[in-house]
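Down below is the structure, laid out as structure tokens.
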Amino acid sequence: MAEKSVKLSEEKLKPKLFSVMKNYSGAQFAKDVVAGIIVAIIALPLSIALALASGVNPEQGLYTAIVAGFIVAFLGGSRVQIAGPTAAFATIVAGIVATDKMDGLIISTVMAGIIMLIMGFCRFGALIKYIPGTITAGFTFGIAVTIVIGQIKDFFGLTFENAPIETVDKVTEAVRCIDTFNWRAFMIGMISLAVLILWPKKLEKIPASLIAVLVGSAIVKLSGIEVNTIGDLYSISSAPPKFTMPDVSLSTVRAMMPNAVTIAVLASVESLLSCVVADGMIGSKHRSNMELIAQGAANIGSALFGGIPATGAIARTAANVKNGGRTPVAGMVHSVVVLVILLVLMPYASLIPMPTIAAILFIVAYNMCGWRNIRNTLRTAPKSDIAVLMVTLIFTVVFDLVVAIGVGMVLAALLFMKRMADVTEAHAWVDVDDEDTDPDNIALKKIPEDTRVYEINGPMFFAANDKFRYVLDESDFSVLCIRMRNVPAIDATGVEALARIVKRCEKHDIRVIFSHVNEQPMRAMEKAGLVERVGRENFCDHIDTALLRAEELVRNV
């Protein structure tokens, strides 16, 4: 463990691109080019849709994919990360643009980039784990809800009398203007939604969002029905990204600091989560601090060249991996292809119907909301975790992300301190001599052959999650015994960590035994279904019983 900690602290500040090029081949280049082209086609309608949801012109979404996508691929700490505009920023950007115009957005994004650069150079990448998963799940679901509410107007073809900014006000305005419902817009929206849902079941290789755009545009153009298109509401530009310097003042910097911190935290969390997902898909290990530096530089570049905040996009990164991308070259190709599309095909974007854009964003919101995770948390997590999740979710929808994350973190910290106080006990020790007087010391026990015993000490909660990853570094044994006599408490993340260990053991045909599980961890594991999965007969009240059970299982292998 000490060696692992040293390696973690000495993580290289070196882009993955420079590492992978040592053994780069022509065959891999061909795969990267194909993957980059496919991801660019996926990114095209998504970037336009997310730009419109953010309250900016459609080409600014493409600027983000071009500039930020290239910088992250070139400097990033992941082999396959694809960066660009994402749904997580839509409501934040829309709010900033509505109140502080583009200059406020540029300044906020540049400041956020600087914060991420500092975090990377100070090697703060590992500190992201101190944001509980319940807060991440809460604000992610909340953002999905705000995106859906924001698209009701275009999907139903409503004509608003006012231009509300807050989510609650948008709901009120939609109800007030329901009599302006346009059945033609609704029809186009439903057709687009049907394409987005049904198309991937038949031809997954061709992005459903592109087909929805083509079908919706063709219907509106050929039939001549009255439905708002992008060209009706926005001016379309096919000009390449250009350098823009905003008017900066000390008062503006002070005013934009909360927005900058929110963008920096959100971009860091989402990017590193995307890296973790990608690592699992390709069996690699990203460099978190280098990724933060790349994301910081990318956001600065995106803002100064007309784009909006960017982060690692999990769906586009997964598409890159599935189509053969294995190096940052694929991400760079993706950016170049988006640039070519911008220069050549951007004028045709004026034909895209707004209900189709709304349908695309409905699917984006559904894919990002993580409703299964929310459902499982509500079913299995302690009440304190559920409280943090629901408060963060509600505050994200009713107020904004800055307030939601702040309140969520404070609540999580308070509940954690209460949980630790509840399980702390004080007792006197009587020293007989300097020798070990603990009869249950594992060093004094005979461990059956083909068996491994691991003892976990201390509470299993979100900040200690990475300490349990080493348990299955090896798999050349038949029985794993996990001793938990010194685990007084466990939260949802800790239960999830144990579930991952059990799942990996099942994959390698390894039987799992738990020894001396205390009351609160046992209740949490029972609620999550882990006890039933492992088998109640494999939960022993003492290490001696557990070792006898292990010996029995080894004999029966």
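Rule-based calculations on the coordinates, nothing more; no lab input. Quick caveat: nothing in here was measured; it's all calculated off a predicted structure. Virtual Cβ from ideal backbone geometry, glycine too; neighbours counted across all protein chains shown.
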## Note on the structure
Checked against the positive end of the charge dipole of the chain (+1 on Cβ of Lys and Arg, -1 on Cβ of Asp and Glu, about the Cα centre), the farthest of 57, 530, 386 is 57
### Message
At a 10 angstrom cut-off on C-beta neighbours, averaged per residue, how do the peptides 155-166, 203-214, 389-400 rank from highest to lowest?
### Response
389-400, 203-214, 155-166
### Net length gained if the chain between residue 533 and residue 503 were fully extended (0.36 nm per residue, minus Cα distance)
9.8 nm
### Using alpha-carbon coordinates, inclination of helix 288-304 to the longest axis of the chain, degrees
10
### Query
Rounded, prolate or oblate: which fits the stretch 374-423, taking a ≥ b ≥ c as square roots of the Cα gyration tensor eigenvalues, rounded meaning a/c under 1.5, else prolate when a/b beats b/c?
oblate
### Query
Among 540, 516, 499, whose Cα lies farthest out toward the positive end of the dipole of the stretch 446-556, if unit charges sit on the beta carbon of Lys, Arg (+1) and Asp, Glu (-1)?
499
### Message
On a straight-distance basis, which lysines could pair with residue 445 in a cross-link, Cα separation under 28 angstrom, same-chain partners fewer than 8 positions away excluded?
### Response
4, 467, 503
### Query
Which whole-number percentage describes the relative contact order of the stretch 223-358, with Cα contacts under 8 Å and a sequence gap of 6 or more?
47
### Task
Work out how much length residue 476 to residue 383 would gain on full extension: take 0.36 nm times their residue separation and subtract the Cα-Cα distance, in nm to one decimal.
29.6 nm
### Pairs from 14/205; 22/285; 418/527; 170/205 whose Cα-Cα separation, in the structure shown, is over 27 Å
14/205; 170/205
### Helix 401-423 vs. the chain, principal-axis angle (Cα, 0 to 90°, nearest 10)
10
### Message
Charges at C-beta only: +1 for Lys and Arg, -1 for Asp and Glu. How large is the resulting dipole of the chain about its Cα centre, in Debye rounded to 20?
### Response
1720
### Cα long-axis angle, helix 26-53 against the chain (0 to 90 degrees, to the nearest 10)
70
### Over the chain: helical MRE at 222 nm, DSSP H runs n ≥ 4 each giving -39500 (n - 2.57), nearest 500
-20500 deg cm²/dmol
## Note on the structure
Between the modelled labels at residue 544 and residue 166 (7 Å from Cα along Cα→Cβ) the distance in nm is 6.6
### Task
Of the options 18, 362, 352, report the single residue whose Cα projects farthest towards the positive end of the charge dipole of the chain (beta-carbon charges: Lys, Arg +1; Asp, Glu -1).
352
### Task
Apply 1/(1 + (r/R0)^6) to the Cβ-Cβ distance of residue 279 and residue 22, taking R0 = 25 Å, and write down the FRET efficiency to the nearest 0.05.
0.80
### Query
For residue 122 and residue 180 in one chain, what is 0.36 nm times their gap in residues minus the Cα-Cα distance, to one decimal in nm?
15.5 nm
